[in-house]
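Trainee: Submitted below is the structure of interest, expressed as structure tokens.
The values are calculated or read from the model by the stated rules, or taken from the named source; none is laboratory data. The structure presented is a predicted model; accordingly, all values stated were derived computationally and were not measured. We place every Cβ from the backbone using ideal geometry, glycine too, and count neighbours over all the protein chains shown.
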Amino acid sequence: MVSSDSETFPLQFKLLVAGGFGVGKTTLVGAVSEIEPLTTEETITTASIGTDSLDGIEGKETTTVAMDFGRITFTEQNMVLYLFGTPGQNRFWFMWDELSRGALGAVVLADTRRLQDCFAAIEFFELRGINFVVAVNAFDGAHRYDDAALRAALDLKPHVPLARCDARDGRSVKRVLITLIEHIVSNFASRAAQPAANPTQHGATHAL
Ligand SMILES: Nc1nc2c(ncn2[C@@H]2O[C@H](COP(=O)(O)OP(=O)(O)O)[C@@H](O)[C@H]2O)c(=O)[nH]1
Ligand SMILES: [Mg+2]
């Protein structure tokens, strides 16, 4: 699926970065983007205090009003990923459908101190059949849970990858993105391998 011929035009994919307010979406996009991330951060004003919960993220001083945008090139794979950070606050839900148009997959960032904040994002992608991985962001002082406990708490389907990351560390974020791409590729492959509903097309399953 991914060509290694650098002469050919790169494969370009749109990916979303979702999760609750203050979970590290802007940080993640900024850590890997090779272009100056296009963000629309605003200082948290007294107007948004009370609207945006700051419990557990008292150090946060800015908020993404619209979205983050970044680009990352994987030269060897001749692949370019475009990252779109979704606004975390509930009052921006109306933008999600528009943003997710044409998206190949998503990273749902989770903070173990406020796991419930990513439930809405998980449900959104499940309902729309958009492939996603959950990446637990390693905040200082946050309790470390094992995978089984996290999967149970998030009610994650067994096939959904669960990753750990530090959103400030580009290499860590790249690993999450690669996990997502591998998940997408394997889902496409297994869907293509499913026996066709029409018996006359049965031979198509052997094409892989
Ligand atoms: N310790 C730690 N802090 C982080 C990490 N990711 C983000 N932060 C901090 O958490 C705060 C919120 O991050 P931000 O990217 O603005 O969250 P967003 O609302 O999801 O875009 C910022 O002060 C970040 O510096 C992380 O992996 N570890
Ligand atoms: Mg942000």
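Trainee: Of the residues G30, G59, G20, only one is loosely packed, with under 13 Cβ neighbours inside 10 Å, at pLDDT 60 or above and within 11 Å of ligand 1 (Cβ to nearest atom); which?
Mentor: G59
Trainee: Further question on the same structure: Is one or more of the residues making up region 129-144 over 14 Å from the mean Cα position of the chain (by Cα), part of a helix (DSSP H, G or I) and aliphatic (A, V, I, L, M)?
Mentor: Checked region 129-144: no residue is over 14 Å from the mean Cα position of the chain (by Cα), part of a helix (DSSP H, G or I) and aliphatic (A, V, I, L, M).
Trainee: Between residues in region 18-36 that are farther than 17 Å from F74 by Cα and residues that are assigned to a helix (DSSP H, G or I) and near ligand 1 (Cβ under 8 Å from one of its atoms), which pairs lie under 8 Å by C-beta distance while being six or more apart or on different chains?
Mentor: A18/K25; G19/K25
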